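Asks: Let me begin by handing over the structure; questions about it come next.
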Protein chains: 2
Amino acid sequence: MTGYITLDHGAGGLASQKLIGSLFLKHLKNPILGRMEDGAVFDPGEGRTAFTTDSYVVDPIFFPGGTIGELAVNGTINDLAMCGAEPRALSLALIIEEGFGIAELERIIKAIADSADHAGVPVLTGDTKVVPRGKADKIFINTSGIGMVGDGIRMGADRIRAGDVLLLSGTLADHGITIMTSRAGLTVDGNLQSDTRPLHFLSRKILTEAPESIHAMRDPTRGGLGTVLAELATTTNLCMEVEEENIPMRGEVRAACELMGLDPLYLANEGKCVVIAAPEQAASVLGAMQATEAGRQAAIIGKVTEKYPGRVILHTVSGGKRLVEPLSGEPLPRIC
Amino acid sequence: MTGYITLDHGAGGLASQKLIGSLFLKHLKNPILGRMEDGAVFDPGEGRTAFTTDSYVVDPIFFPGGTIGELAVNGTINDLAMCGAEPRALSLALIIEEGFGIAELERIIKAIADSADHAGVPVLTGDTKVVPRGKADKIFINTSGIGMVGDGIRMGADRIRAGDVLLLSGTLADHGITIMTSRAGLTVDGNLQSDTRPLHFLSRKILTEAPESIHAMRDPTRGGLGTVLAELATTTNLCMEVEEENIPMRGEVRAACELMGLDPLYLANEGKCVVIAAPEQAASVLGAMQATEAGRQAAIIGKVTEKYPGRVILHTVSGGKRLVEPLSGEPLPRIC
């Protein structure tokens, strides 16, 4: 489709219905969404309900490795996966700036449909608002998600103990550095790409193989690995000790971080998770992670100790010790 | 609290945590939200799950009778109520423009907390993003909602039959005309006020008293009563016949509509619903509606017939007949 979004498309009348019919329902095919009622009624299956929400305001909306659409689907699926839930349904709410290209919108909706298909999680309900030119920046997307948590699964920061092992599912900082270099218009040797991907296949695998041993999971998005570990250290009042040399990172990401003066510990990831697991099972959890597509490059990166309560310590490659502080100041806005 | 929102508040680090702790959790107290995990895990109770989402971009954000905060809570609760669901949980996702006043933000969060309390529906999970100055207009809010639909309840446009009765829960166009006059800076005699309010107490009452007789419910928000009826006529291929003189409307709303040249049939309502009920039970459904706070001024406004399939006919006060077309063109943007 061609043309531009007008205020009519958000007014709830004929133009809205046409946009929904010809563009949204064309890609996001499913009978529940197709009923166009005020909400979706469905049966999510057994278990406790997990509920999460995230808005996506990434700039630029198209970047190497994905679009705001993949982020919106995978990011919310990942928040459910981090609760130990099987994702069952997504909502999709768009705020679009008047004048936005319908071809660009279709590209985003197609990315949403493809990611939702790949993840096996349907978009069941939605909303579209249009604001006048200059009152928003192109498009903002909110997705909320419902998942179901099986009976045997109890994860949370309160289950973390000294002695637990810290695992990272793959390379660090890919999404953050991709967005920052895109935004700066930098071309970097090699192939920087967002790591946006769903993590529920990985979480399902490890929770099936070692349900009792997985104490907590976190996806280090905004604020990066440093912020996630700092929050865990504060919440548990334990020490998170990390071996820098064990953190998987692509060479071109490391080089681009140096070039731009950015610390990869604070850069966003959109397809990685930290798993905190009981030490006895750490090797088998690592094996299970590595057996999934999302966890091929998983590694044990450190452990939970009582050494410096409430602190994160990085044992650097050069043999030093660095205190990792929570992120403050110098924010990287609109990274997701 | 005073001060202004900075990009730090959306970066996921210390500033974000402080804002959440000192402002959001102060008002939106509940143990699940307080856990600050990636999502909320809870037990919504028995039934099928209803799921809905809406973004709120109303301009102005403060208006007579409410704020964007009440709209965001009540609007999503109402979408669940229209599905026949008991609302159980809300999510809250904010997109805030850099430089927005923290005092204004607190006023909105307090409105959200108060409306959620009044409705008895907790906010269980949330997200905050900040975009640079000029990239959004003050604040946009998304709420999604989860509700549970009891076993005996089956509502939907497919249950509407010729002979059914159309009921409206109260006066027309209050929200739409309030926003339009506020925006125009008009002062109108009398007391124009948004009708924002939750409708689930009303829907619970009528679904308890006459579950089989309620064929469908719709809340005429964006696009108004005209658009809702036009959609129902199209979907059912039946005729919606409405008696203009039976539509409740406040004198000052009628006067302001005339002054501004706006048709109240297309103006938004934020605390009203259309109920389509079996004719045998219409009087008792009307009585049940009138017994609730939200339905005091409920009225039977028309009926479903086979006269003009797919059309909405308004029998005017002056004795004429008017075809009510779906809204197209001349949109009223940012009404909710």
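Asks: Per residue of B:42-50, what is the mean number of Cβ atoms on other protein chains within 10 angstrom of that residue's Cβ?
Replies: Details: counts 5, 3, 5, 1, 0, 2, 5, 13, 8.
Whole-number average of other-chain Cβ neighbours for B:42-50 is 5.
Asks: Which angle between 0 and 90 degrees, to the nearest 10, do you get for helix A:200-209 versus the longest principal axis of chain A when only C-alpha atoms count?
Replies: Rounded to the nearest ten degrees, it is 40.
Asks: Hey, what does the equivalent ellipsoid look like for segment B:121-176, semi-axes from the Cα gyration tensor as sqrt of 5 times each eigenvalue, largest first, whole Å?
Replies: Taking √(5λ) for each eigenvalue gives 37, 20, 11 Å, largest first.
Asks: Would you mind checking B:Lys205/B:Lys307; A:Lys29/B:Lys135; A:Lys129/B:Lys272; B:Lys110/B:Lys272; A:Lys138/A:Lys205 for any pair whose Cα atoms are more than 30 angstrom apart? Intermediate values should be presented prior to the final figure.
Replies: Values: B:Lys205/B:Lys307 32 Å; A:Lys29/B:Lys135 32 Å; A:Lys129/B:Lys272 21 Å; B:Lys110/B:Lys272 23 Å; A:Lys138/A:Lys205 38 Å.
Exceeds cut-off: B:Lys205/B:Lys307; A:Lys29/B:Lys135; A:Lys138/A:Lys205.
Asks: To check you understand DSSP bridge types, tell me what percent of the beta bridges within segment B:181-336 (both residues inside) are antiparallel, rounded to 5.
Replies: The antiparallel proportion sits near 75 percent.
Asks: How far is A:Gly99 from the same spot in each other copy, in nm, shortest first, if each label point sits 7 Å from Cα toward Cβ?
Replies: Result for A:Gly99, in nm, nearest copy first: 1.8.
Asks: Sticking with this one: Enter the angle in degrees (range 0 to 90, nearest 10) between the Cα long axis of helix A:174-184 and the first principal axis of the Cα atoms of chain A, meaning the one along which they spread out most.
Replies: 60 degrees
Asks: Within 10 Å of each Cβ in B:81-93, how many Cβ atoms from other chains are there, averaged over the peptide? Don't skip to the answer; put the middle values down first.
Replies: Values: counts 2, 3, 6, 2, 3, 0, 0, 2, 3, 3, 8, 1, 10.
Per-residue shielding by partner chains comes out at 3.
Asks: In square angstrom, what is the accessible area per residue of segment B:124-207 with a 1.4 angstrom probe? Don't skip to the answer; put the middle values down first.
Replies: Working: 2720 Å² over 84 residues.
The answer is 32 Å² per residue.
Asks: Find how much the distance from B:Ser22 to B:Lys110 grows on full extension, using 0.36 nm per residue of separation minus their present alpha carbon separation; answer in nm with one decimal. Let's see the in-between values first.
Replies: Working: separation 88, 0.36 × 88 = 31.68 nm, distance 1.25 nm.
My answer for the length gained is 30.4 nm.
Asks: While we're here: Which aspartates and glutamates, if any, have their Cα less than 14 Å from the Cα of A:Lys26, not counting same-chain residues under 8 positions apart?
Replies: Filter leaves A:Glu106, A:Asp114, A:Asp117.
Asks: Could you give the angle, 0 to 90 degrees to the nearest 10, between helix B:251-260's Cα long axis and the longest principal axis of the Cα atoms of chain B?
Replies: Helix B:251-260 sits at roughly 80 degrees to that axis.
Asks: Moving on to the next point. Do the sum for chain A: with -39,500 (n - 2.57) for every DSSP H run of n ≥ 4, divided by all residues, what is the mean residue ellipticity at 222 nm, to the nearest 500 deg cm²/dmol? Mind dumping the intermediate values first?
Replies: Details: 9 runs with 96 residues, N = 336.
Helix-only estimate at 222 nm: -8500 deg cm²/dmol.
Asks: Quick one: divide the alpha-carbon radius of gyration of chain B by 2.2 N^0.38 Å and tell me what you get.
Replies: Numbers: Rg = 20.6 Å, N = 336, 2.2 N^0.38 = 20.1 Å.
Here the answer is 1.03, to two decimals.
Asks: Which whole number gives the average count of other chain Cβ atoms within 10 Å of the Cβ atoms across peptide B:94-105? Numbers along the way, then the final one.
Replies: Numbers: counts 1, 7, 0, 2, 1, 0, 0, 0, 0, 0, 0, 0.
Per residue, the number of nearby Cβ atoms from other chains is 1 on average.
Asks: Then there is this: In nm, give the distance between the simple-model label positions of B:Tyr308 and A:Arg161, each being 7 Å from the Cα along the Cα-to-Cβ direction.
Replies: Taking the two extended label points, one gets 7.4 nm.
Asks: On alpha-carbon atoms, Rg over Rh for segment B:7-149 using Kirkwood Rh? Before the final figure, lay out the partial values.
Replies: On the way: Rg = 14.8 Å, Rh = 15.4 Å.
Taking Rh as the inverse mean 1/r over Cα pairs, Rg/Rh reads 0.96.
Asks: Would you mind getting the Kirkwood hydrodynamic radius of segment A:207-336 from its Cα pairs, rounded to one decimal in Å? Numbers along the way, then the final one.
Replies: Details: mean 1/r = 0.0643 Å⁻¹.
Computed over segment A:207-336, the radius equals 15.5 Å.
Asks: From the phi angles alone, apply the Karplus equation (6.51, -1.76, 1.60; θ = phi - 60°) to segment A:230-242 and give each ³J(HN,Hα) in whole Hz, x where the residue is Gly or Pro.
Replies: After applying 6.51 cos²θ - 1.76 cosθ + 1.60, I find 4, 5, 5, 4, 5, 4, 8, 6, 10, 9, 9, 10, 10 Hz.
Asks: Next question. Can you pull the percent of the protein assembly as shown's accessible area that's carbon plus sulfur, 1.4 Å probe, other chains left in place? Mind showing how you got there, number by number?
Replies: On the way: 12050 of 24560 Å².
The computed percentage sits at 49.
Asks: What's the whole-number percent of alpha carbon pairs in the protein assembly as shown lying beyond 45 angstrom? Walk me through the intermediate numbers first.
Replies: On the way: 46641 of 225456 pairs.
In whole percent, the share of Cα-Cα pairs in the protein assembly as shown beyond 45 Å is 21.
Asks: Sorted by average packing, counted as other Cβ atoms within 10 angstrom per residue and highest first, what order do B:77-87, A:213-223 take? Numbers along the way, then the final one.
Replies: On the way: B:77-87: 28.7, A:213-223: 23.9.
Descending mean neighbour count gives B:77-87, A:213-223.
Asks: Quick one: net charge around A:Leu166, please, counting Lys, Arg +1 and Asp, Glu -1 for every other residue with C-beta under 11 Å from its C-beta. Show your work: numbers first, answer last.
Replies: Values: positive: A:Arg218, A:Lys303; negative: A:Asp164, A:Glu241, A:Glu243.
Here the charged neighbours net out to -1.
Asks: What value in Å³ per residue do you get for the convex hull of the alpha-carbon atoms in segment A:70-134? Before the final figure, lay out each step's value.
Replies: Values: hull volume 5.5 nm³, N = 65.
Dividing the Cα hull volume of segment A:70-134 by its residues yields 84 Å³.
Asks: I need the inter-copy label distances for B:Gln297: point set 7 Å along Cα to C-beta, values in nm with one decimal, smallest first.
Replies: Spelled out, the distances from B:Gln297's label point are 6.4 nm.
Asks: Residues in segment A:19-40, backbone N under 20 Å from the label point at A:Asp117 (7 Å along the Cα-to-beta-carbon vector): list them, ranges by number please.
Replies: A:20-35
Asks: Now for a separate question. On the first, second and third principal axes, largest extent first, how far apart are the outermost C-alpha atoms of segment B:288-336 in Å?
Replies: Principal-axis extents of the Cα atoms in segment B:288-336, largest first: 35, 34, 23 Å.
Asks: So, one more: At R0 = 60 Å, how high is the FRET efficiency between B:Asp151 and B:Ala255 if r is their beta carbon distance? Nearest 0.05 is fine.
Replies: Values: r = 47 Å, r/R0 = 0.78.
Using R0 = 60 Å, I get an efficiency of 0.80.
Asks: Just to verify a number: FRET efficiency for A:Glu209 and B:Asn30, C-beta to C-beta distance, R0 = 35 Å, to 0.05? Each step should come with its number before you reach the end.
Replies: On the way: r = 34 Å, r/R0 = 0.97.
So, using R0 = 35 Å, E works out to roughly 0.55.
Asks: Each residue of segment B:32-38 in turn: what ³J(HN,Hα) in whole Hz from Karplus with 6.51, -1.76, 1.60 and θ = phi - 60°, glycine and Pro shown as x?
Replies: For segment B:32-38, the Karplus curve yields 6, 4, x, 6, 6, 7, 5 Hz.
Asks: Now for a different question. Apply 1/(1 + (r/R0)^6) to the Cβ-Cβ distance of B:Lys321 and B:Gln290, taking R0 = 35 Å, and write down the FRET efficiency to the nearest 0.05. Walk me through the intermediate numbers first.
Replies: Numbers: r = 29 Å, r/R0 = 0.82.
That pair, B:Lys321 with B:Gln290, gives E of 0.75.
Asks: When DSSP assigns beta bridges and you keep just the ones with both residues in segment A:19-178, what percent turn out antiparallel, to the nearest 5?
Replies: Antiparallel bridges: around 75 percent, rounded to the nearest 5.
Asks: Rounded to the nearest 100 Å², what's the accessible area chains A and B bury against each other, both chains counted, probe 1.4 Å? List each step's numbers first, then the result.
Replies: Numbers: alone 15020 and 15040 Å², together 24560 Å².
Using a 1.4 Å probe on protein heavy atoms, the buried area is about 5500 Å².
The values are calculated or read from the model by the stated rules, or taken from the named source; none is laboratory data. Computed from a prediction, not measured in an experiment: that's the story for all the values here. Here Cβ is always computed from backbone atoms with ideal geometry, including for glycine, and neighbour counts include all displayed protein chains. Protein only, heavy atoms only, side chains kept; ligands, DNA and RNA dropped before computing areas. Shrake-Rupley method; radii C 1.70, N 1.55, O 1.52, S 1.80 Å.
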